[in-house]
1. Mind checking whether some residue in segment A:116-129 is at pLDDT 95 or above, facing chain B (nearest Cβ under 10 Å), closer than 19 Å to residue B:220 by Cα and surrounded by fewer than 22 Cβ atoms within 10 Å (Cβ to Cβ)?
2. Which residue out of A:198, A:232 is closer than 19 Å to residue B:287 by Cα and not in a helix (DSSP H, G or I)?
3. Select from segment B:241-252 the residues that are surrounded by 23 or more Cβ atoms within 10 Å (Cβ to Cβ) and at the interface with chain A (Cβ under 8 Å from one of its Cβ atoms) and list them in ascending order.
4. Being on the phi > 0 side of the Ramachandran plot, at pLDDT 95 or above and surrounded by fewer than 18 Cβ atoms within 10 Å (Cβ to Cβ) narrows it down to one of A:52, A:145, so name that one.
5. Just a yes or no: is a residue in segment B:224-232 over 24 Å from residue B:18 (Cβ atoms) and buried (at least 22 other Cβ atoms within 10 Å of the Cβ)?
6. If residue B:53 satisfies every condition in (1) farther than 22 Å from residue B:160 by Cα; (2) more than 23 Å from the chain's Cα centre (by Cα) but one, which is the exception?
7. For segment B:2-22, give me each residue that is surrounded by 19 or more Cβ atoms within 10 Å (Cβ to Cβ), touching a helix residue (DSSP H, G or I) at 6+ places or on another chain (Cβ under 6 Å) and either free of Cβ contacts under 8 Å to residues at least 24 places away in the same chain or not in a strand (DSSP E or B) (or both).
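The values are calculated or read from the model by the stated rules, or taken from the named source; none is laboratory data. What you see is a predicted model, and the numbers here were worked out from it, not measured in a lab. Here the Cβ positions follow ideal geometry from the backbone for every residue, glycine too, while neighbour counts run over all protein chains shown.
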């Protein structure tokens, strides 16, 4: 991590889980001289003030981005187009506009046209988070050992790109650069489909009339509780993800449903071999994820052995 | 927890994660005077010997169950019928035969007919486990604060039932009694469907050709890694669960698929309100599970903030 500022002023447009974690990590790494935070709601600003991760807090967009060297959009992606249009006249020449959204093609579509000549635009996505949200949920270690993906449009200034890479390294993250379209497909399978399925199964369980809700909760340790964690993620953020990565999500969902039908058929016809073969293959994937340092090897995610 | 033995000799037919955890918990609670373990494979017996959780270890079924007051079937449920037939002639009059399988109607169907007159038969299912397996994976705290479900067939001796309840309390578990058929439906939604879906999505991801396998692993922290944990569970055990709870699993899978189609349609038509409403409803379920003491409230299941 760096100990000299990479950007003088960083403006965080949005100070929820990701924005506030970036602020904590910026302070830890000493990568920014001044951290400015913007929120629409007074209540959010008040919470941020009490945590104290920003040098200045603003309910006015223009004041927040004024003189900023890096402007980070960190709100649900559905708000980006309007925000980009509003900040555009106030951006400093030579500044970089980036974001942290979970989709990237739609961001280029929505934000790109508003970015003025002389301002760099490099969309980004840190693959990190928790099921919690808001300015009190952030912590400095969120990005440590996780991957950040940058999706610079063709013709992006290479010095601006290197600077943003250094910034993310300074926050503890590893960095990859890829095409926005490829990002959207990769994330559709590694993140968007898992969230969609988790939301769906939790909804199905909630609806199941023959089983009372209290039983679903009581016996959730059998597997169900794992799904409820990601199904507790921020509803607005995830609505916007699905509305803005429609094609890739529908593509991987189609494949998932085909595979599910095959599995359904194997159960109906008692094809134990097909079940056993799939269940053996999937075990190896878990090992690879643990070996790659992307999850803990401890049983049950290392949940306390004692009941919480 | 009790400190006087509830059963004199307990025979564990199967000493994997559940059997070995029961042995550790029996020792901790002082609920058995002698713990006997059976395994088919010499390698398993050797591992169990080195961990040292049993008073005697056997490759001979008759020797293991001889004089036992409680006999616990703790192997994959597909093996129960043959095991029950083999142990039947060697069971002590007044003994109780139980099990730990994740399905209950099929166990009554497969084991019931073999249980001799004068021997009690009370199927059971502790709702506890990890993704690991084998005699080295067990630990005494596995059942603490979890639920154990007993499904006594009609006409079960009430003294034998109370004794088995005390035994599970002595292992740290809470106990409920219910009808086997109801158990199978509740578990289909809280455990079997989640496992099936996890196995399926991990398989789909593995197959997706446009995304390389290393990318699926690299960016798994976006949500996918949560599913890989339960998709790393024991393949033989889970094959047998699906083959033996076919009807209930197909029923809940049908509901899940209908809901999935509705969600797919909402994404295709850009129905943000439908998405937002579902995503808000599911968040409440997570809170209920945490409030019920069935999962940790810590973000990311309390995984270490530092990368493992």
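1. Scanning segment A:116-129, I find no residue that is at pLDDT 95 or above, facing chain B (nearest Cβ under 10 Å), closer than 19 Å to residue B:220 by Cα and surrounded by fewer than 22 Cβ atoms within 10 Å (Cβ to Cβ), so the answer is no.
2. Values: A:198 fails: not in a helix (DSSP H, G or I).
Sole residue among the options that is closer than 19 Å to residue B:287 by Cα and not in a helix (DSSP H, G or I): A:232.
3. Correct list: B:242, B:249, B:252.
4. Testing whether each residue is on the phi > 0 side of the Ramachandran plot, at pLDDT 95 or above and surrounded by fewer than 18 Cβ atoms within 10 Å (Cβ to Cβ) leaves just A:52.
5. Yes, segment B:224-232 contains at least one residue that is over 24 Å from residue B:18 (Cβ atoms) and buried (at least 22 other Cβ atoms within 10 Å of the Cβ).
6. (2)
7. Residues satisfying the conditions are B:6, B:15, B:21.
Per-residue answers, yes or no, for (1) at pLDDT below 95; (2) at the interface with chain A (Cβ under 7 Å from one of its Cβ atoms); (3) more than 30 Å from residue A:145 (Cα to Cα):
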| site | (1), (2), (3) |
| --- | --- |
| B:158 | no, no, yes |
| B:162 | no, no, yes |
| B:171 | no, no, yes |
| B:180 | no, no, yes |
| B:188 | no, no, yes |
| B:200 | no, yes, no |
| B:208 | yes, yes, no |
| B:211 | yes, yes, no |
| B:220 | yes, yes, no |
